[in-house]
Every structure is written in C-alpha cells, then in structure tokens.
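Worksheet: one structure, shown below.
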Amino acid sequence: MSKTKKILALAATGIFALSLASCASDGGSTGGSEPAAGGDCSVGISMPTRSLERWINDGEQLKKLLEDADCTVDLQYADNKTDQQISQIQNQVAGGSKILVVAAVDGKVLAPVLAEAKKQDATIIAYDRLINGTPDVDYYATFDNYKVGQLQGEFIETELDLANATGPISIEPFAGSPDDNNAKFFFSGAWDVLLPYVESGVLEVPSGQSPASNDDWASIGIAGWASDKAQSEMDNRLSSFYTGGDKVDVVLSPNDSLAIGIEASLKSAGYTPGADYPLITGQDADKANVKAILDGEQAMTVWKDTRTLGEQVFTMIQEIQAGDEVTVNDTETYDNGEKVVPSFLLDPEVIVKDDVESKLVDSGFVKAADVGL
C-alpha cells in the first residue's frame with residue numbers, strides 16, 4: 001500500500017469512529033462481529049462509478065429488487081474516488097444500513113472503514129470486486145473472473161488456429177486497472193492460454209509489452225479502466241512499433257471500456273473493418289461494444305449477465321435477513337490476505353456477432369434500437 005493510501009485509510013478510521021460514537025450514545029450497538037440477521041432490511045449499496053454503463057445498471061437493478069421487497073436502500077456511486085467511497089460507507093452505516101454491498105474502487109484500502117462497520121453489526125458483501133486485507137468481508141459474489149480471461153484467450157487461440165500456426169502473429173496485450181483485484185484474474189485466465197504461444201514464437205509482441213508471467217500483469221494495466229488511457233497507450237504502440245506497413249493482428253483487451261479506446265486508436269491510424277482488421281476481445285457487452293461487434297470493429301465480448309449477479313446478491317441478502325445459511329459455491333479460490341472469503345461464482349459466456357440478437361436482445365439485456373438493429 002502506498003504512503004498516501006495508508007494515510008487515507010488511517011484518517012478514515014479516526015473519522016468513522018467519531019461519527020459512530022454519536023450513534024452508540026443513542027442506543028446503537030458498538031460491539032459484536034456476527035453477520036446481522038432479522039429486523040428491518042436496510043441495505044447500503046456502494047458502487048465505484050457512473051462512468052461505466054455496467055455499474056449504473058448493476059446498482060439500479062439491485063436497488064429495485066430490494067425496494068420491491070420492502071427494504072430501505074441507500075445507493076451511492078463513488079466517482080472512482082476512494083476517499084468518497086469511504087465517506088459514503090461511513091454515512092450508510094451511521095444511517096442504519098445493516099447490510100453493505102460494496103464494489104470497491106480500490107480493494108486494498110477499505111479495511112479500516114469495514115472494521116468499524118463490523119462493530120455496528122453490519123454484514124458485508126463484496127460485489128464483483130474482492131476487498132483485500134480484511135477479515136470483515138462476510139461474502140463475495142462475482143463471476144468466474146479467471147474463466148472470463150480464459151474465454152478470451154481460447155477465443156483467440158481458436159479463431160487464429162494457434163495450435164497449427166507457424167507465426168509470427170502480432171499481438172498487443174492489455175490488462176485492467178492495477179487497483180482492481182479482478183484484473184489479475186482476467187489477465188491470468190487469458191495469459192495462461194496465450195503465453196505458451198508467445199514463448200514458442202507463434203505470437204509476438206512488437207511493443208515488448210509482454211508480461212513474463214501472470215504476476216507481472218500490472219505492468220501493462222490501464223488505470224481506472226479508462227478508455228482514453230487505453231487509446232493513448234495504443235496510439236503509442238502503433239506509432240512506435242508498427243511502421244512501414246506492419247500491422248497488429250490481435251489485441252487482447254480485458255474489457256469493453258478498454259476495447260472502445262483501442263478501437264478509436266486503430267480507426268485514427270487508418271484501420272478499417274475487413275480481412276486485415278485486428279481481432280479484438282472485450283467483456284461486459286456494453287451497448288457501444290455490441291454495436292462495434294455488429295459493425296466488425298470488435299470480434300467478441302464476454303457477457304456477464306449482471307442481472308443474475310444482482311439476483312444472487314438479492315438472494316444472499318434475503319438469507320442473511322432470515323438468519324439462514326448463505327448460499328455459496330466456492331470456499332477455496334478467493335483469499336484476500338486475511339481469510340478465504342466464501343463466494344458465489346457465476347458463469348460468463350462468449351458473445352459474437354451471430355449471438356447478439358438471440359442472446360442479448362431476446363433476453364432483454366439490450367434493446368435492438370440501442371445497438372443499431
């Protein structure tokens with residue numbers, strides 16, 4: 001943890017302790033660490049940002065499910081600012097939220113604020129992003145994030161018939177935000193498939209941005225999953241390493257936000273959809289990317305139907321409220337440095353052009369008009 005983050009986390013602890021003292025003086029509990037059960041359903045939902053379409057959808061859908069079940073819901077978005085998310089969680093607990101659903105901006109700095117929330121008998125569910133370095137996360141709900149990357153790597157492997165290719169085929173790999181624990185799993189899943197082909201020479205990385213192992217993934221991470229930063233990075237790689245008619249054949253993009261930036265860079269460099277256009281991966285099935293798939297500007301996206309994630313978290317909250325055993329299906333994978341967090345993993349799936357109408361539109365995930373159909 002950086003010095004700045006340590007100071008921020010310590011400050012949050014002190015401020016939060018003071019804010020909760022007044023609640024305790026009014027009869028609120030300050031002891032105990034068991035998950036809450038029974039009583040009024042009061043839930044705080046803390047989402048990282050409104051800048052990505054998926055987080056807006058996730059937050060609003062879960063809020064509606066809970067309100068339809070007569071729960072009191074406080075939904076907040078943190079604008080990708082850790083201090084803002086800490087403050088919002090403080091206010092949610094001080095306002096009586098007994099269950100917290102947290103999609104962390106930075107999963108490494110929330111331990112102090114969650115420790116204080118636990119003293120108020122709050123139950124904490126990490127939503128889609130694991131929260132690290134704390135024993136106070138009760139449950140984790142997510143998609144199988146390693147499988148997301150694996151699907152991307154296997155798609156590239158199959159589409160380019162890498163097992164029978166001689167190469168060299170040029171690939172430019174990207175990874176997600178270094179402060180997002182999920183980004184490590186996405187990259188590892190893909191790189192476990194692709195690295196052997198890099199090592200054998202079938203794939204080559206002209207820019208040199210080729211991690212030697214999964215552990216080095218953050219060296220090519222794009223902070224904040226920002227489209228403009230991905231575009232700038234791709235601009236630099238194209239102008240520096242693809243001259244004299246050389247073309248990039250594949251771009252491993254871990255999600256749709258980065259893919260949009262990469263596609264903008266390719267367009268400005270003169271690439272157009274067709275036989276020589278690069279194969280580009282993605283994740284999330286954002287509307288703009290679904291349209292890009294239909295237009296031939298992106299090869300695929302990994303669809304995580306976040307409606308099912310929200311429904312699963314809603315089920316977990318109902319089980320917590322009833323005092324029942326909470327349903328999980330993984331008790332081995334997600335070690336946050338303090339504990340292995342009981343988790344529920346959902347399966348993602350690949351979407352290509354031929355799947356858009358039958359899977360995304362017909363299921364109601366996107367509207368036909370929103371993607372140009």
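Things to note:
- If the condition is being surrounded by fewer than 16 Cβ atoms within 10 Å (Cβ to Cβ) and over 15 Å from residue 352 (Cα atoms), then segment 145-166 contributes 161, 163, 164, 165, 166.
- Of the helices (runs of 4 or more DSSP H) contained entirely in segment 252-333, those carrying at least 3 residues that are in the same structural domain as residue 55 (by TED's automatic domain parsing) and surrounded by 18 or more Cβ atoms within 10 Å (Cβ to Cβ) fall at 306-322.
- Members of segment 72-110 found to be hydroxyl-bearing (Ser, Thr, Tyr) and either under 24 Å from residue 315 (Cα atoms) or crowded, with 24+ Cβ neighbours inside 10 Å (or both), listed by number: 72, 77, 97
- Unique match (being over 24 Å from residue 225 (Cβ atoms), in a loop (DSSP other than H, G, I, E, B) and either modelled with pLDDT under 95 or not basic (Lys, Arg) (or both)) among 358, 363: 363
- Some residue of segment 89-112 being over 25 Å from residue 335 (Cα atoms) and acidic (Asp, Glu): no
- Count of segment 178-188 residues, restricted to those that are out of contact with any strand residue (DSSP E or B) (no Cβ under 6 Å at 6 or more places or on another chain) and more than 14 Å from residue 148 (Cα to Cα), is 2.
- Residues in segment 79-131 that are in a loop (DSSP other than H, G, I, E, B), among the polar types (S, T, N, Q) and in contact with a helix residue (DSSP H, G or I) (Cβ under 6 Å, 6 or more places away or on another chain): 2 in all.
- Residues in segment 356-373 that are buried (at least 19 other Cβ atoms within 10 Å of the Cβ) and in contact with a strand residue (DSSP E or B) (Cβ under 8 Å, 6 or more places away or on another chain): 360 only.
- Failed condition for residue 167, given (1) at pLDDT below 95; (2) of a type in the set (Gly, Ala, Ser); (3) part of a helix (DSSP H, G or I): (3)
- Lone qualifier among 301, 333, 281 - being at pLDDT below 95, under 21 Å from the mean Cα position of the chain (by Cα) and of a type in the set (Ser, Thr, Tyr): 333
- Count of segment 132-162 residues, restricted to those that are assigned to a loop (DSSP other than H, G, I, E, B) and of a type in the set (A, V, I, L, M), is 2.
- Of all residues in segment 35-92, those that are of a type in the set (Phe, Trp, Tyr) and at pLDDT below 95 total 1.
- In the set 190, 183, 212, only one residue is of a type in the set (A, V, I, L, M) and at pLDDT 95 or above; that residue is 190.
The values are calculated or read from the model by the stated rules, or taken from the named source; none is laboratory data. This structure is a prediction, so every number in the text was calculated from the model and none was measured. All Cβ positions, even for glycine, are placed from backbone atoms using ideal geometry, and neighbour counts span all protein chains on display.
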